[in-house]
Amino acid sequence: MESKLQQLKQEILNQLAEVKRLETLRDLEIKYLGRKGELTKILRSVADLSAEEKKTLGKLANEIKIELINKFEEVKISLGKNTETDYIDATLPGVEIKQGHLHPLTILQNEIEDLFSSLGFMVLDGPELESDYYNFTALNIPPYHPARDMQDTFYIDHKNAKGEYDMLMRTQTSPMQIRAMQKYGAPIKCIVPGRCFRNEATDVRHEHTFYQLEGLMIDKDINFSNLKAILEVLGKKLFGPDTEFRMRPKFYPFVEPGSNGEYSCFLCGGKGCRLCKNTGWLEIVGCGMVHPNVLRAGGIDPKKYQGFAFGYGLDRLAMLKYGINDIRLFHSVDLKFLKQF
Ligand SMILES: [Zn+2]
């Protein structure tokens, strides 16, 4: 056994003398000194020898092992210094680090926030879990009002002091009109981007969770032409300088008069195409003069102040702008979709 040990030691030393790369050294270390290495096996078999042999051979085996460990360490250090055999090739292509980016809805929201900030509007954030009062009643939609049917939502299993279920996931960003008026009073200029919810059967155009962006401006002598001017600026910013804007009457409970704001189709320039259903116009924004009842609910005297409000779906706007044909893609977490932005 002694000769076997000496032979193995010599074999290892010979190979160590040839080693030129750290990788080869590592392989040798595993081959001989590793858990299942050849020297380790011999060391283990010492346990089966007689007490006499154990004394001499065990000592020798351990000495050889320590000598070899030191030798390996020595070679490792000398290889580490040798830049010719172990170097970094700086011309090789690197490993690409994937960088994340903003969601298309966030990109669009930021763009619109930039525009309105430059026009002196505050950007406000509001609660997604809202009370029935702020979401409906204060916006001129009392409990018996049929307009409530258009906005079914998710109610929270929690009763108020009167025993009513009055907490819900907001169906629109408009409750923030009231909250903003109560907090800041008049005059006020703000926009409110945010997430909204409705109890909808989902399809390519409907989603239970979506984003709206609300705008509110209240001051003395605010009129319809101020509203039109602001929304024209928005259209030109979103769809280009040649974009035209028109308003058609539409009922919304919280404005009087109310209007549907339409932009000339950016795809066909107003000539008519598939996107605009051959009308040349795209329905984008609901708007109007703030209803006196809404001003009163916000603590503002409608005899002294007037204002306008507008709101639109950010998802719909992003779908038009980027040519997306299914609203559900926004929340699909599908990287193939998201990487395109
Ligand atoms: Zn068109």
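Just the accessible area per residue of region 162-203, please: how many Å² with a 1.4 Å probe?
Working: 1740 Å² over 42 residues.
Heavy-atom accessible area per residue stands at 42 Å².
Quick one: what do you get for region 1-134 if you divide its Cα Rg by 2.2 N^0.38 Å? It would help to have the intermediate numbers written out before the result.
On the way: Rg = 32.9 Å, N = 134, 2.2 N^0.38 = 14.1 Å.
With N residues counted in region 1-134, Rg over 2.2 N^0.38 Å equals 2.33.
Per residue, how much accessible area does region 1-125 have with a 1.4 Å probe, in Å²? Let's see the in-between values first.
Values: 8910 Å² over 125 residues.
Dividing the accessible area of region 1-125 by its residue count gives 71 Å².
For region 259-325, what is the charge dipole size about the Cα centre, in debye to the nearest 20, if Lys and Arg each add +1 at the Cβ and Asp and Glu each add -1 at the Cβ? Could you put the intermediate results ahead of the total?
On the way: 8 positive and 4 negative charges, 13 e Å.
So the dipole magnitude of region 259-325 works out to roughly 60 debye.
Report the relative contact order of region 194-255, percent, no decimals, based on alpha-carbon pairs under 8 angstrom and at least 6 residues apart. Let's see the in-between values first.
Details: 35 pairs, mean separation 11.5, N = 62.
Across region 194-255, relative contact order equals 19 percent.
Of L129, G258, W281, which is farthest towards the positive pole of the chain's charge dipole, taken about the Cα centre with +1 and -1 on the beta-carbons of Lys, Arg and Asp, Glu respectively?
Positive-most Cα among the choices belongs to G258.
In the neighborhood of D166, defined by Cβ-to-Cβ distances under 15 Å, what is the net charge if each Lys or Arg adds +1 and each Asp or Glu adds -1? Working shown, then result.
Details: positive: R148, K159, K162, R170; negative: E130, D132, D157, E164.
In short, 0.
Expressed in nm to one decimal, what extension gain is obtained for the pair K220 and R246 from 0.36 nm per residue of sequence separation less their Cα-Cα distance? Numbers along the way, then the final one.
Details: separation 26, 0.36 × 26 = 9.36 nm, distance 2.45 nm.
Net length gain for the segment: 6.9 nm.
For V123, what residues show an amide H to amide H distance below 5 Å, using hydrogens built from the backbone and excluding near sequence neighbours?
I191
Computing the accessible area with a 1.4 Å probe over protein heavy atoms, can you report the carbon and sulfur percentage for region 119-219?
Working: 2530 of 4850 Å².
Roughly 52 percent, rounded to a whole number.
Kirkwood Rh over Cα pairs of region 214-323 into Stokes-Einstein at 4 °C, 1.567 mPa s: D in µm²/s?
The Stokes-Einstein estimate is 89 µm²/s.
Please get the size of the charge dipole for the chain, origin at its Cα centre, with Cβ charges of +1 on Lys and Arg and -1 on Asp and Glu, quoted in debye to the nearest 20.
On the way: 46 positive and 46 negative charges, 56 e Å.
That gives the chain a dipole magnitude of about 260 debye.
Using a Förster distance of 45 Å, how high is the FRET efficiency between A90 and H145, based on the Cβ-Cβ distance and rounded to 0.05? Spell out each step's value before the answer.
Numbers: r = 71 Å, r/R0 = 1.58.
Approximately 0.05, to the nearest 0.05.
Which one of L295, S225, H208 is farthest out on the positive end of the charge dipole of region 191-305, using unit charges on Cβ (Lys, Arg +1; Asp, Glu -1) and the Cα centre as origin?
Result: S225.
Roll a 1.4 angstrom probe over the protein heavy atoms and tell me the percent of accessible area of region 9-57 that is carbon or sulfur.
On the way: 1760 of 3430 Å².
C and S fraction of accessible area: 51 percent.
Pull out a ≥ b ≥ c, the square roots of the eigenvalues of the alpha-carbon gyration tensor of region 160-285, then state rounded if a/c is under 1.5, prolate if not and a/b is larger than b/c, and oblate in the remaining case. Let's see the in-between values first.
Working: a/c = 2.45, a/b = 1.34, b/c = 1.83.
Taking the square roots of the gyration eigenvalues as a ≥ b ≥ c, region 160-285 is oblate.
Let me know the volume per residue of the alpha-carbon convex hull for the chain, in Å³. Spell out each step's value before the answer.
On the way: hull volume 98.9 nm³, N = 341.
Hull volume normalised by residue count: 290 Å³.
For T279, what residues show an amide H to amide H distance below 5 Å, using hydrogens built from the backbone and excluding near sequence neighbours?
So T279 has HN proximity to C273.
Considering only protein heavy atoms, what per residue accessible area in square angstrom results for region 245-341 with a 1.4 angstrom probe? Working shown, then result.
Values: 4940 Å² over 97 residues.
Per residue, region 245-341 has 51 Å² of solvent-accessible surface.
Once both labels are modelled 7 Å past Cα along the beta-carbon direction, what's the Q340-L49 spacing in nm?
The answer from the label model is 7.5 nm.
Do you know the relative contact order of region 192-341, to the nearest whole percent, from alpha carbon pairs under 8 angstrom that are 6+ apart? Could the numbers behind the result be given before it?
Numbers: 263 pairs, mean separation 39.7, N = 150.
Averaging sequence separation for qualifying contacts and normalising by length gives 26 percent for region 192-341.
In whole Hz, what ³J(HN,Hα) sequence does region 317-333 give by Karplus (6.51, -1.76, 1.60; θ = phi - 60°), x for Gly and Pro?
Those phi angles translate into 4, 5, 4, 5, 5, 9, x, 8, 9, 9, 5, 5, 4, 4, 10, 7, 6 Hz.
The values are calculated or read from the model by the stated rules, or taken from the named source; none is laboratory data. Predicted model only: the values in this text are computed from it and were never measured. Every residue, glycine among them, receives a Cβ derived from its backbone with ideal geometry; neighbour counts consider all protein chains shown. In case anyone asks, the SASA skips ligands and DNA or RNA and just uses the protein heavy atoms, side chains included. Shrake-Rupley method; radii C 1.70, N 1.55, O 1.52, S 1.80 Å.
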